[in-house]
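None of the figures in this text is laboratory data; all of them are computed from the coordinates on show. Values in this document were obtained by computation on a predicted structure and should not be read as measured data. Cβ sites come from the backbone with ideal geometry, for glycine too, and all protein chains shown count toward neighbours.
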Amino acid sequence: TAEQEQFDRLIAEDSRIEPRDWMPEAYRKTLTRQISQHAHSEIIGMQPEANWITRAPSLKRKAILMAKVQDEAGHGLYLYSAAETLGTTRDSMMADLIAGKARYSSIFNYPARTWADMGAIGWLVDGAAIANQVPLCRASYGPYGRAMVRICKEESFHQRQGFEILLELANGTEAQKQMAQDAVNRWYAPSLMMFGPPDEDSPNSQQSMAWNIKRFSNDELRSRFVGMIVEQIKTLGLTLPDDQINYNEATGKWEHGPLDWNEFKEVLAGRGPCNAQRLERRREAHDDGAWVREAAAAYAAKQAAKHSEMKEAA
Amino acid sequence: TAEQEQFDRLIAEDSRIEPRDWMPEAYRKTLTRQISQHAHSEIIGMQPEANWITRAPSLKRKAILMAKVQDEAGHGLYLYSAAETLGTTRDSMMADLIAGKARYSSIFNYPARTWADMGAIGWLVDGAAIANQVPLCRASYGPYGRAMVRICKEESFHQRQGFEILLELANGTEAQKQMAQDAVNRWYAPSLMMFGPPDEDSPNSQQSMAWNIKRFSNDELRSRFVGMIVEQIKTLGLTLPDDQINYNEATGKWEHGPLDWNEFKEVLAGRGPCNAQRLERRREAHDDGAWVREAAAAYAAKQAAKHSEMKEAA
Amino acid sequence: SEAVGEYALRLGDDALILAQRLGWWISRAPELEEDVALGNIALDQIGHARSFLAYAGHAWGKTEDDLAYFRGEDEFRSCHLVEQPNGDFARTIARQLVISQYQFTLYARLMNSADDTLAAIAAKAVKEVDYHRDHARQWVLRLALGTEESRRRIVEGILLTWPYVGELFEDDDLVTGLDGVAVRPSGLRQAFDTDIESLFAEAELEVPAVPFAVGGGRNGRHSEHLGYILAEMQVLAREHPGATW
Amino acid sequence: SEAVGEYALRLGDDALILAQRLGWWISRAPELEEDVALGNIALDQIGHARSFLAYAGHAWGKTEDDLAYFRGEDEFRSCHLVEQPNGDFARTIARQLVISQYQFTLYARLMNSADDTLAAIAAKAVKEVDYHRDHARQWVLRLALGTEESRRRIVEGILLTWPYVGELFEDDDLVTGLDGVAVRPSGLRQAFDTDIESLFAEAELEVPAVPFAVGGGRNGRHSEHLGYILAEMQVLAREHPGATW
């Protein structure tokens, strides 16, 4: 069809698809799924960090952490808005999340056990997210790409803050240093798995790359990320829990030791340490907030009615 | 009437009135009010101590404190049962309490600020309660007197435990000793006021004494209590915050410094530090528990119905 | 001086404990917009707390963190109001209404303090608190005039909050001794009442006729809630005395 | 030996954390009879905790209070189940059902332990836990067959509790190494399933098909809840190191 041709041309030109443009159903579906998953990840991802807001060990850190978790709510808002331009409402996406039907990044099913996790999450998890997301700033769907630009800017700020937390701990007391190393040990492998399964096990990636949504393969992005953190860990004076990291001169890529993909699948299937807790908390907040949302809607409706009455009377 | 004469005779003989006996309405009312207030005091009195269960500083003390607060629930149960024999249901007494229509001992409107308060409450508040209650074991109304016997036995156990807590603190670190002295300073006057206003301001007492409910006047009981604690404080190695305590050789009574009856009236009128909090907590527990009580009732009804069906079928 | 330090502690502790309470909501609010809004308010309050505590610390050679993490309960100077539990959203809003109305007028006057630092902190804070005040007022209207349930809940929230209003407006020797530097709490009462009355008139609410609870927070006599708040807030810092973060 | 000490820590920590959770209910239960009943259960558990921890302490020259108050989070050996929040009464009952079914069979077998002390503690505890078990089962029936609301709540409570069942029955090197002394968790599973099935059949309930959460409590990897529990439980003792009470 002409519409399909127009779409194909825009993609071929590496131009942007906008909400009013025609797009194939599969493209719309893929994007809706990806953006809403991404939004859900921001929202669920608030929880492990919110876990330390009330216990942050200095007022400065408390303020930074609050701001960070709050930013994540903001990212969720941008992303739900972007997804809404594809024709799905935030309410229905939220309903899917709460019903356990939607996915979010599996890494948030790990607990934030110590304060050092605030550092490791910022440095590794946000770091991996950025590595994933920077190319998404050029995603073919306009609202998504623009949301990513904004988000990446804030995320890199968060990553720097995470790094600073670890740096402070690594240069602190023996107990602080141990806490930092332990957190890096726990978050290293899960953060590498954030890029998704190895390329040979990731059949969906091809189509996303053809549509200019995804720009690089999982393994490519993972390798770049490894190259980045392998340098930064030196500054921290800590170690990565992987003695097989090396730079392959032949391929020009960083390589890492084997990852436990079985654990990844287990967590994805709901058998992580915190899956149940994360969903329960989200559901609780949603349910407990229902009356508030209803009140706001009822009040807005009453105000609108009053306003139009006044207009009519005038 | 013959009934009134019979009642008067029983009182004159210092015999017991039992639930099936005729009694004047005023007697019934006075007792219902007094016993239910007493029951409410046990229930509300659980709160200041429950405040330290999760933070008790040793497992032994935690166990003792749990047992004590639990005993208070038990006392509440005996007393509500005793009051029910006078024709008022526990539910209606509870409803009055929650609606803020019923009184309870004003002293529980003070906060339990530190662990030492567990000692001071046990020693002074339970001590005053016992001084009040021992004569009530001979109260003319049978079920009340018998409930008091049981309660007094447990309360004196609690008082000893409170004293032990203070003794341990008084012989502990400087901080512990200070904590103990501070608690005694705060609970001393309120515990003296537990005996009620000075005799000249306590017109209702006369009738209660005539009915053999009350056996000694407020001031008489207060004086005895002062005599008791003035000895015990020496063993503790602490001081009472009252430099006017003295033994009056002429009257044979212990005397104490002036008490701030204005504060007493304020707290009684609802303007104590914790009045609102205590009632709110009780109301919350009551409201949150409504569905549980309904479920238990519904289940019991269904079981009863099943049982009688089976009987009929047999 | 120590008196100014004591006064700054009061202001700082109110803001700190309130921020600590509000921080709980982040990730638990009724909608994402409120995670952001309550987060903003908490952040502003923690900012004010840091300014006031850092300034208070000068009097004793202590840092904001020394004061926040290494004081005992009886050394805190917060009012009972900010120590009250979050309860449901309505109760949090009721508490927020009272505290931000109070802080707004307080800071607006403190801008004229003879103490330049207090005046400067207040000048920055008053703009932010003006937003908090507006946020709370808008929600009171929405909840009071929204649904039957929301109305029932905000009425209840106000009822539970009101016993702790009285303490805010009590003068004592410290503030009267700091004439021209501190703002007299009693002088804030009228503006507070007027603002509440106009809001409640629009929201069709009534000021509840409940007795005020005896306070004492300014002298270190706190509600039973503060101990729990501090246990959580201070646990990590105290596990690592002398550490920096 | 240290291995026996480690094993006793697991038993003691389960009981201690559970008692800590249950202690919250005293003064907040749905009816006075339940203040008494939950208080009794909490008291029994604290009693068991003291016995197990005192015995565990022999391995390291520590007292029950050293272990309860001066261990860090990663040194605790409790399962995630007992760390779960109280929630509403139904959720507490669901947790109580699972833990007391588990403890009942566990203690019944531990009575035959080659370790005389563990056997003696278990012999005393099993009688008390039998009552806890009965209490929980009766309440499950009442709630499941009571009203619509109570049924909805107990179903939800069970749903929220079930992810933490799996961890209870996991063997590891410690318990397999203590053959004849420790009870193998995996061996308790069948009795647990049978008891739950018979109860659920009567209560017209179903075992929820939810995935188990990864545990790790026995190795010091706890749920996010434990840190809060310990902050509150240990705060006073840690403020006064070396003090006796």
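The amide H of B:TYR141, built 1.01 Å from its N in the peptide plane, has B:ILE17 as neighbours under 5 Å, considering only residues 5 or more places off or on other chains.
Only the Cβ atoms of Lys and Arg (+1) and of Asp and Glu (-1) were treated as charged; on that basis the dipole of segment D:6-134 about its Cα centre amounts to roughly 200 debye. Net charge of the neighbourhood of C:SER78, taken over other residues with C-beta under 12 Å away and scored Lys/Arg +1, Asp/Glu -1, is -1.
Using a label position 7 Å from Cα in the Cα→Cβ direction, what is the ascending list of nm distances from C:GLU239 to the same site in the other copies? Copy-to-copy label distances for C:GLU239: 1.9 nm.
Size of the dipole of segment D:143-217 about the Cα centre, Lys and Arg at +1 and Asp and Glu at -1 on the beta carbon, nothing else charged, in debye to 20? Write down the numbers at each step before the final one.
Values: 5 positive and 15 negative charges, 35 e Å.
Dipole of segment D:143-217, to the nearest 20 debye: 160 debye.
The distance from the alpha carbon centre of segment A:241-255 to that of segment B:51-109 is 68 Å, rounded to a whole number. The separation of segment C:80-121 from segment D:16-77, counted between C-alpha centres, amounts to 40 Å.
Each of the GluC sites (Glu not before Pro) that DSSP puts in a loop and that has at most 14 other Cβ atoms within 10 Å breaks chain D; the longest unbroken stretch is D:1-203. Counting Cβ atoms of other protein chains within 10 Å of each Cβ in A:294-305 and taking the mean gives 5.
What does the charge count near D:TRP25 come to, summing +1 for each Lys or Arg and -1 for each Asp or Glu among other residues with Cβ under 10 Å from its Cβ?
Details: positive: D:ARG21, D:ARG28; negative: D:GLU34, D:ASP35.
Neighbourhood net charge equals 0.
Note on D:32-43: average number of Cβ atoms from other chains within 10 Å of each residue's Cβ is 6.
Cβ-to-Cβ counts within 10 Å put B:CYS137, A:CYS274 in ascending order as B:CYS137, A:CYS274, the fewest first. Considering only chain B, the C-beta nearest to the rotation axis that sends B to A is found at B:ASP288, 7, the distance in whole Å.
Per residue, the average separation of C-alpha pairs within less than 8 Å and at least 6 apart gives chain D a relative contact order of 25 percent. Springs between Cα atoms under 10 Å define the GNM used for chain B, and in it the highest mean-square fluctuation of B:ALA83, B:ALA39, B:ALA170 occurs at B:ALA170.
Within 12 Å, Cβ to Cβ, of B:ALA300, how many net charges do the neighbouring residues add up to if Lys/Arg are +1 and Asp/Glu are -1?
After counting each charged neighbour, the total is +3.
In the structure displayed, which of B:LYS60/D:LYS124; B:LYS29/B:LYS253; A:LYS62/A:LYS234; A:LYS153/C:LYS127; A:LYS68/A:LYS265 lie more than 24 Å apart, Cα to Cα?
Details: B:LYS60/D:LYS124 18 Å; B:LYS29/B:LYS253 33 Å; A:LYS62/A:LYS234 27 Å; A:LYS153/C:LYS127 27 Å; A:LYS68/A:LYS265 29 Å.
Going by Cα-Cα distance, B:LYS29/B:LYS253; A:LYS62/A:LYS234; A:LYS153/C:LYS127; A:LYS68/A:LYS265 fall outside the 24 Å limit.
Within segment B:249-314, the GluC sites (Glu not before Pro) that combine a DSSP coil assignment with at most 12 other C-beta atoms in a 10 angstrom radius are B:GLU249.
Counting only DSSP beta bridges with both residues in the protein assembly as shown, the antiparallel share comes to about 60 percent.
For segment A:135-225, a simple Cβ point-charge model (Lys and Arg +1, Asp and Glu -1, everything else neutral) yields a dipole of about 460 debye relative to the Cα centre. Comparing C:THR105, C:THR147, C:THR176 in a Gaussian network model of chain C, where Cα atoms under 10 Å apart are tied by springs, the biggest mean-square fluctuation is seen for C:THR147.
Under a Gaussian network description of chain B, with springs only between Cα atoms under 10 Å, the residue in B:LEU59, B:LEU236, B:LEU279 that fluctuates furthest is B:LEU59.
With each run of n ≥ 4 DSSP H residues scored as -39500 (n - 2.57), what mean residue ellipticity at 222 nm is computed for the protein assembly as shown after dividing by its residue count and rounding to the nearest 500 deg cm²/dmol?
Using -39500 (n - 2.57) per qualifying helix, the result is -21500 deg cm²/dmol.
When both segment A:259-306 and segment A:159-188 are represented by their alpha-carbon centers, they are found 31 Å apart. Computed from backbone phi with θ = phi - 60° and the Karplus coefficients 6.51, -1.76 and 1.60, the 3J(HN,Hα) list for segment C:207-218 is 5, x, 8, 10, x, 6, 7, 4, x, x, x, 5 Hz; x is used for glycine and proline. Here the chain C residue lying nearest the rotation axis onto D, judged by its C-beta and given with the distance in whole angstrom, is C:ALA231, 3.
With its label point put 7 Å out from Cα toward Cβ, B:GLU249 sits 10.9 nm from the same residue's point in the other copies, in order from shortest.
With a 10 Å Cβ neighbour count serving as the proxy for reagent exposure, in which order, fewest first, do C:LEU11, D:LEU141 appear?
Details: C:LEU11 28, D:LEU141 18.
In increasing order of surrounding Cβ atoms, one gets D:LEU141, C:LEU11.
Between the helical axis of A:290-313 and the longest alpha-carbon principal axis of chain A there is an angle of about 30 degrees. Considering only D:GLY157, D:HIS222, A:PRO24, and ranking their Cα positions along the charge dipole of the protein assembly as shown that arises from unit charges at the beta-carbon of Lys, Arg, Asp and Glu, the one farthest toward the positive end is A:PRO24. In plain terms, if you count all Cα to Cα distances in the protein assembly as shown and split them into 10 Å steps from zero, the share in each step is 2, 9, 16, 21, 21, 16, 9, 4, 2, 1, 0, 0 percent. Applying a DSSP loop filter and a limit of 15 other Cβ atoms within 10 Å to the chymotrypsin sites (Phe, Trp or Tyr not before Pro) in segment D:112-191 leaves nothing. Between the helical axis of A:25-50 and the longest alpha-carbon principal axis of chain A there is an angle of about 60 degrees. Relative to the dominant Cα principal axis of chain A, helix A:174-193 is inclined by about 60°.
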